[in-house]
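The values are calculated or read from the model by the stated rules, or taken from the named source; none is laboratory data. Quick caveat, the model's predicted, so the values are computed rather than measured. Methodologically, a virtual Cβ is constructed for each residue, glycine included, from the backbone with ideal geometry; neighbour enumeration extends over all protein chains shown. SASA here: full protein model, heavy atoms, side chains in, ligands and nucleic acids out. Shrake-Rupley method; radii C 1.70, N 1.55, O 1.52, S 1.80 Å.
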Amino acid sequence: MRRLSKKLQELLEEFFRAGEGQEITFEADEDTIRKLDLILTSLAQKTEIGNKTLRVKKRRP
């Protein structure tokens, strides 16, 4: 079983600490952004990927 990278873990923790309705912009390398997008999309979040950034407005799934 593979472990999450430390950066991906930190970004997910930041997402879960955010309040409902809060808009969050994450900055990381492309691979981490892609993985984070996959995880958040599976949690029924709408995401927007930019240049090494990912923006999400936290909502209840």
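The Cα-based radius of gyration and maximum Cα-Cα distance (Dmax) for the chain are 10.8, 33 Å.
One decimal place: the segment Ser42-Glu27 gains 3.4 nm when fully extended, by the rule 0.36 nm per residue minus the C-alpha distance.
Can you tell me the accessible area per residue over the chain, all protein chains present, probe 1.4 angstrom, in square angstrom?
On the way: 4710 Å² over 61 residues.
Dividing the accessible area of the chain by its residue count gives 77 Å².
The phi-based Karplus calculation (6.51 cos²θ - 1.76 cosθ + 1.60; θ = phi - 60°) puts the 3J(HN,Hα) values of segment 37-48 at 4, 4, 5, 5, 5, 5, 8, 6, 9, 8, 10, 10 Hz, whole numbers, x for Gly and Pro. Site-free segments of the chain were taken between trypsin sites (Lys or Arg not before Pro) in DSSP loops having at most 13 other Cβ atoms within 10 Å, sites themselves excluded; the longest one is 4-45.
For the chain, the fraction of 1.4 Å probe accessible surface lying on carbon and sulfur atoms is 48 percent.
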